[in-house]
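K.L.:
Please see the structure below; I have some questions.
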Amino acid sequence: LANGEALYMQREVPPEDDKFKRILLIDNTLMNWGNPKIIAFATALAIARHPKTDIECNLFALGSDYKEIRFENVHNVIEGLNNLSSRLDCSRGLDLYCNQAEDKKQEKELFLILSEDSLKTETMQKALYENFDALSYIITTSIDGEINFYKIKNKSRKHVQRIKLELEEFWKTEKKIKNSETATNEPVPILYPLKRNYKQEFSYETKFDSCQNG
(Lines give C-alpha, C1' and ligand atoms only; values in the text may rest on other atoms or scores of the structure.)
Protein backbone atom coordinates (compact mmCIF):
# COMPACT_ATOMS: atom_id res chain seq x y z
CA LEU A 1 0.00 0.00 0.00
CA ALA A 2 2.84 2.38 0.78
CA ASN A 3 4.27 1.92 -2.71
CA GLY A 4 0.89 1.90 -4.43
CA GLU A 5 1.12 -1.83 -5.10
CA ALA A 6 -1.35 -4.59 -4.45
CA LEU A 7 0.27 -7.00 -2.01
CA TYR A 8 -0.88 -10.53 -1.36
CA MET A 9 0.02 -12.50 1.76
CA GLN A 10 0.70 -16.18 1.22
CA ARG A 11 1.80 -18.53 3.95
CA GLU A 12 5.16 -20.03 3.13
CA VAL A 13 5.24 -23.80 3.02
CA PRO A 14 7.89 -25.04 5.44
CA PRO A 15 10.59 -27.18 3.84
CA GLU A 16 9.98 -30.89 4.11
CA ASP A 17 12.53 -32.50 6.35
CA ASP A 18 13.85 -35.88 5.28
CA LYS A 19 12.63 -38.56 7.61
CA PHE A 20 15.24 -40.27 9.73
CA LYS A 21 15.86 -43.79 8.44
CA ARG A 22 17.63 -46.94 9.44
CA ILE A 23 19.30 -48.96 6.73
CA LEU A 24 20.02 -52.61 7.57
CA LEU A 25 22.60 -54.34 5.38
CA ILE A 26 22.81 -58.13 5.68
CA ASP A 27 25.71 -60.18 4.34
CA ASN A 28 24.34 -63.04 2.20
CA THR A 29 27.69 -64.47 1.03
CA LEU A 30 29.25 -67.87 1.75
CA MET A 31 30.71 -67.08 5.16
CA ASN A 32 27.31 -65.92 6.41
CA TRP A 33 25.29 -68.96 5.33
CA GLY A 34 23.51 -71.13 7.89
CA ASN A 35 23.04 -70.03 11.49
CA PRO A 36 24.82 -66.66 11.09
CA LYS A 37 22.41 -65.60 8.34
CA ILE A 38 19.30 -66.75 10.21
CA ILE A 39 20.47 -64.83 13.29
CA ALA A 40 21.33 -61.83 11.11
CA PHE A 41 17.79 -61.73 9.68
CA ALA A 42 16.28 -62.18 13.14
CA THR A 43 18.41 -59.30 14.46
CA ALA A 44 17.42 -57.05 11.55
CA LEU A 45 13.72 -57.81 12.06
CA ALA A 46 14.03 -57.16 15.79
CA ILE A 47 15.48 -53.71 15.06
CA ALA A 48 12.99 -52.87 12.32
CA ARG A 49 9.89 -54.11 14.17
CA HIS A 50 10.76 -52.97 17.67
CA PRO A 51 7.47 -51.93 19.35
CA LYS A 52 8.99 -48.79 20.90
CA THR A 53 10.16 -47.19 17.66
CA ASP A 54 8.47 -45.85 14.55
CA ILE A 55 11.66 -45.17 12.58
CA GLU A 56 11.41 -46.22 8.95
CA CYS A 57 13.72 -49.12 8.14
CA ASN A 58 14.95 -50.54 4.85
CA LEU A 59 16.63 -53.92 4.51
CA PHE A 60 19.21 -54.84 1.85
CA ALA A 61 21.07 -58.08 1.11
CA LEU A 62 24.73 -57.64 0.15
CA GLY A 63 26.74 -59.88 -2.14
CA SER A 64 28.26 -58.99 -5.49
CA ASP A 65 25.72 -56.14 -5.46
CA TYR A 66 22.87 -55.03 -3.20
CA LYS A 67 19.18 -55.94 -3.32
CA GLU A 68 16.32 -54.59 -1.23
CA ILE A 69 14.49 -57.21 0.84
CA ARG A 70 10.88 -56.77 1.86
CA PHE A 71 9.77 -57.98 5.30
CA GLU A 72 6.06 -57.19 5.49
CA ASN A 73 5.08 -60.86 5.81
CA VAL A 74 6.49 -64.35 6.27
CA HIS A 75 6.76 -64.97 2.52
CA ASN A 76 8.98 -61.90 2.13
CA VAL A 77 11.27 -63.11 4.91
CA ILE A 78 11.55 -66.60 3.39
CA GLU A 79 12.36 -65.07 0.01
CA GLY A 80 15.02 -62.93 1.64
CA LEU A 81 16.58 -65.93 3.39
CA ASN A 82 16.71 -67.75 0.05
CA ASN A 83 18.66 -64.87 -1.49
CA LEU A 84 22.22 -66.24 -1.50
CA SER A 85 25.51 -65.13 -3.02
CA SER A 86 28.47 -67.36 -3.90
CA ARG A 87 31.04 -64.67 -3.07
CA LEU A 88 33.29 -65.13 -0.04
CA ASP A 89 32.38 -61.75 1.46
CA CYS A 90 30.12 -58.76 0.79
CA SER A 91 32.85 -56.14 0.34
CA ARG A 92 31.81 -55.45 -3.26
CA GLY A 93 28.13 -55.09 -2.33
CA LEU A 94 29.02 -52.70 0.50
CA ASP A 95 31.15 -50.56 -1.81
CA LEU A 96 28.40 -50.40 -4.43
CA TYR A 97 25.73 -49.46 -1.91
CA CYS A 98 27.80 -46.71 -0.30
CA ASN A 99 28.84 -45.28 -3.68
CA GLN A 100 25.52 -45.59 -5.52
CA ALA A 101 22.57 -45.79 -3.13
CA GLU A 102 23.93 -43.80 -0.21
CA ASP A 103 22.26 -40.39 0.12
CA LYS A 104 24.78 -38.19 1.93
CA LYS A 105 22.18 -35.51 2.72
CA GLN A 106 19.63 -37.74 4.42
CA GLU A 107 20.03 -38.38 8.12
CA LYS A 108 20.14 -42.09 8.83
CA GLU A 109 21.78 -44.94 10.69
CA LEU A 110 23.52 -47.62 8.65
CA PHE A 111 23.75 -51.10 10.21
CA LEU A 112 26.02 -53.76 8.74
CA ILE A 113 25.20 -57.30 9.89
CA LEU A 114 27.66 -60.04 9.00
CA SER A 115 29.47 -63.06 10.42
CA GLU A 116 32.63 -62.79 12.49
CA ASP A 117 34.58 -64.81 9.89
CA SER A 118 33.52 -62.50 7.08
CA LEU A 119 34.54 -59.45 9.11
CA LYS A 120 38.09 -60.77 9.44
CA THR A 121 38.80 -61.13 5.71
CA GLU A 122 41.30 -58.74 4.15
CA THR A 123 38.92 -57.47 1.46
CA MET A 124 36.18 -56.84 4.04
CA GLN A 125 38.56 -54.91 6.29
CA LYS A 126 39.55 -52.73 3.32
CA ALA A 127 35.88 -52.08 2.41
CA LEU A 128 35.07 -51.20 6.02
CA TYR A 129 37.95 -48.75 6.25
CA GLU A 130 36.85 -47.00 3.06
CA ASN A 131 33.21 -46.78 4.18
CA PHE A 132 33.55 -46.19 7.92
CA ASP A 133 32.12 -42.68 7.55
CA ALA A 134 28.85 -44.09 6.23
CA LEU A 135 28.44 -46.84 8.85
CA SER A 136 26.83 -46.32 12.24
CA TYR A 137 26.86 -49.85 13.68
CA ILE A 138 28.40 -53.23 12.91
CA ILE A 139 26.69 -56.36 14.21
CA THR A 140 28.50 -59.70 14.03
CA THR A 141 26.91 -63.13 14.34
CA SER A 142 28.44 -66.55 14.87
CA ILE A 143 27.45 -70.12 14.19
CA ASP A 144 26.99 -70.82 17.93
CA GLY A 145 24.51 -67.96 18.43
CA GLU A 146 26.70 -65.13 19.67
CA ILE A 147 25.81 -61.56 18.63
CA ASN A 148 28.15 -58.61 19.14
CA PHE A 149 27.15 -54.96 18.66
CA TYR A 150 29.77 -52.35 17.75
CA LYS A 151 29.27 -48.61 17.39
CA ILE A 152 31.32 -46.80 14.77
CA LYS A 153 32.92 -43.53 15.79
CA ASN A 154 35.98 -41.75 14.36
CA LYS A 155 36.73 -44.73 12.13
CA SER A 156 36.98 -47.08 15.09
CA ARG A 157 34.75 -49.73 16.59
CA LYS A 158 33.51 -49.61 20.16
CA HIS A 159 31.99 -52.76 21.60
CA VAL A 160 28.53 -51.98 22.98
CA GLN A 161 26.82 -55.25 23.81
CA ARG A 162 27.16 -59.03 23.60
CA ILE A 163 24.21 -61.42 23.42
CA LYS A 164 24.48 -65.21 23.57
CA LEU A 165 21.53 -67.14 22.18
CA GLU A 166 20.92 -70.67 23.39
CA LEU A 167 20.11 -72.07 19.96
CA GLU A 168 19.62 -75.63 21.13
CA GLU A 169 16.87 -74.49 23.49
CA PHE A 170 15.25 -72.15 20.96
CA TRP A 171 15.14 -74.68 18.14
CA LYS A 172 14.29 -77.71 20.25
CA THR A 173 10.85 -78.96 19.20
CA GLU A 174 8.96 -82.02 20.26
CA LYS A 175 6.18 -83.37 18.10
CA LYS A 176 3.72 -86.01 19.10
CA ILE A 177 3.07 -89.08 17.00
CA LYS A 178 -0.66 -89.50 16.82
CA ASN A 179 -2.67 -92.44 15.53
CA SER A 180 -6.27 -93.49 15.74
CA GLU A 181 -5.85 -95.32 19.03
CA THR A 182 -3.03 -93.80 21.11
CA ALA A 183 -0.77 -90.74 21.25
CA THR A 184 2.75 -90.76 22.64
CA ASN A 185 5.11 -87.97 23.65
CA GLU A 186 8.04 -89.35 21.65
CA PRO A 187 9.58 -86.87 19.17
CA VAL A 188 9.13 -87.53 15.45
CA PRO A 189 12.37 -88.88 13.92
CA ILE A 190 13.09 -86.18 11.33
CA LEU A 191 15.70 -88.17 9.43
CA TYR A 192 13.56 -91.31 9.28
CA PRO A 193 10.13 -90.73 7.67
CA LEU A 194 7.12 -92.78 8.59
CA LYS A 195 6.76 -96.06 6.73
CA ARG A 196 4.43 -95.81 3.77
CA ASN A 197 3.72 -97.94 0.71
CA TYR A 198 5.29 -95.56 -1.82
CA LYS A 199 5.35 -98.19 -4.55
CA GLN A 200 1.59 -98.46 -4.48
CA GLU A 201 1.02 -94.73 -4.16
CA PHE A 202 3.26 -93.73 -7.06
CA SER A 203 2.76 -96.68 -9.38
CA TYR A 204 1.51 -96.05 -12.91
CA GLU A 205 -1.56 -98.26 -12.42
CA THR A 206 -2.60 -96.36 -9.28
CA LYS A 207 -2.36 -92.99 -11.01
CA PHE A 208 -4.18 -94.29 -14.07
CA ASP A 209 -6.99 -95.80 -12.02
CA SER A 210 -7.41 -92.67 -9.94
CA CYS A 211 -7.67 -90.55 -13.08
CA GLN A 212 -10.34 -92.87 -14.53
CA ASN A 213 -12.32 -92.90 -11.31
CA GLY A 214 -12.06 -89.12 -11.07
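The values are calculated or read from the model by the stated rules, or taken from the named source; none is laboratory data. In this text, all values refer to a predicted model and were calculated from it rather than measured experimentally. As a convention, Cβ positions derive from the backbone with ideal geometry for all residues, glycine included, and neighbour counts pool all protein chains shown. Calculation scope for accessible area: heavy atoms of the full protein, side chains included, ligands and nucleic acids excluded. Shrake-Rupley method; radii C 1.70, N 1.55, O 1.52, S 1.80 Å.
K.L.:
Sort through Glu130, Glu116, Glu169 and tell me the only one that's surrounded by 10 or more Cβ atoms within 10 Å (Cβ to Cβ), closer than 24 Å to Leu45 by Cβ and modelled with pLDDT of 50 or more.
P.N.:
Glu116
K.L.:
Which condition number does Lys67 fail, the rest of (1) buried (at least 17 other Cβ atoms within 10 Å of the Cβ); (2) assigned to a strand (DSSP E or B) being met?
P.N.:
Only one criterion is unmet by Lys67, namely (1).
K.L.:
Related question: Can you tell me which residue is farthest from Leu114 (Cα to Cα) among those in the stretch 24-54 that are free of Cβ contacts under 8 Å to residues at least 40 places away in the same chain and under 8 Å from the mean Cα position of the chain (by Cα)?
P.N.:
Leu45
K.L.:
I've got another one for you. Within the stretch 1-48, how many residues turn out to be modelled with pLDDT of 85 or more, of a type in the set (S, T, N, Q) and out of contact with any Cys (no Cβ under 8 Å at 6 or more places or on another chain)?
P.N.:
2
K.L.:
Is one or more of the residues making up the stretch 144-155 hydrophobic (A, V, I, L, M, F, W, C), closer than 16 Å to Ile26 by Cβ and open to solvent by less than 20 Å² (accessible area, probe 1.4 Å)?
P.N.:
yes
K.L.:
May I pose another question? Of all residues in the stretch 35-64 being out of contact with any strand residue (DSSP E or B) (no Cβ under 9 Å at 6 or more places or on another chain) and outside any helix (DSSP H, G or I), which is most open to solvent (accessible area, probe 1.4 Å)?
P.N.:
It comes out as Lys52.
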